[in-house]
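Q: Structure provided below as structure tokens; questions to follow.
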Amino acid sequence: NACGSDVTRVADWPGLVAKRTVAMLANEAYEAMLQGVANGEGIDNAMLFGVNYPCGPVAWAQQIGLATILKVLDAIHALTGDPRSRASMKLRLEAECHS
């Protein structure tokens, strides 16, 4: 393009690329909390300091809105049937409590 950047077209999928990625990360974080691996603060700190993410997946999901994250995951799961996109029960319950 005129700015000297490469452009890549992506298919029209629920959540497109960025929100879909954050939704999947958040889902894994909530599943880890459900299984007692760590609490939300610990997961966020691990991703902030261990992987240098700009925000932890739990905080990121809360900023976007748990209901929105849940809608993205449900839409991906309905479209693909991929079990990786099935929303964590903890995420689903917290999204419903906050709506």
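The numbers here are math on the coordinates, done by the rules we state, and not lab data. Remember, it's a predicted structure, so these values are computed and weren't measured experimentally.
Q: Per 5 Å bin from zero, what fraction in whole % of the C-alpha pairs of region 17-99 is there, up to the bin with the longest pair?
A: 3, 17, 28, 26, 17, 7, 1
Q: Mind checking the full-extension length gain between residue 96 and residue 37? Use 0.36 nm per residue of separation minus the Cα-Cα distance, one decimal, nm.
A: Values: separation 59, 0.36 × 59 = 21.24 nm, distance 2.26 nm.
So the chain would gain 19.0 nm between residue 96 and residue 37.
Q: Using θ = phi - 60° and the Karplus form 6.51 cos²θ - 1.76 cosθ + 1.60, what ³J(HN,Hα) does each residue of region 20-27 get, whole Hz, x for Gly and Pro?
A: With the stated coefficients, region 20-27 comes to 5, 5, 5, 4, 5, 5, 4, 4 Hz.
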